[in-house]
1. Quick one: among 41, 73, 64, which has the greatest mean-square fluctuation in a GNM of the chain with alpha-carbon springs under 10 angstrom?
2. Compute the helix-to-body angle for 34-51: its Cα long axis versus the longest principal axis of the chain, expressed 0 to 90° and rounded to tens.
3. Between 0 and 90 degrees, rounded to the nearest ten: what's the tilt of helix 78-90 against the longest Cα principal axis of the chain?
4. If you take all C-alpha pairs in the stretch 7-90, what percent of them are over 15 Å apart?
5. Please build a GNM for the chain, connecting alpha carbons under 10 Å apart, and tell me which residue among 60, 12, 39 fluctuates the most.
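What follows is calculated from the coordinates using simple rules that are stated; it is not laboratory data. Note that this is a predicted model, so its numbers are computed, not measured.
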């Protein structure tokens, strides 16, 4: 099982535009319209299924909030940071 990272390591490795808050990392992506936001959510959902590591995703009209954490360990792991990078690649 993965180990949670300590706060300093998370802050050092946190991708640009992501925020570390408690036991999760968060980013809000902005879009020109609802259709673009929905397509992004679908792309992230496909990625999450492939990795069997599912973020919390909140869809609004022109923005999407993504939150990663590893519930089994109660914090952020290397996998969360890697998937944040992958999610940025979908944007």
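1. 73
2. The two axes meet at around 40 degrees.
3. Helix 78-90 sits roughly 20 degrees off the main axis of the chain.
4. Details: 1855 of 3486 pairs.
Pairs farther apart than 15 Å: 53 percent.
5. 12
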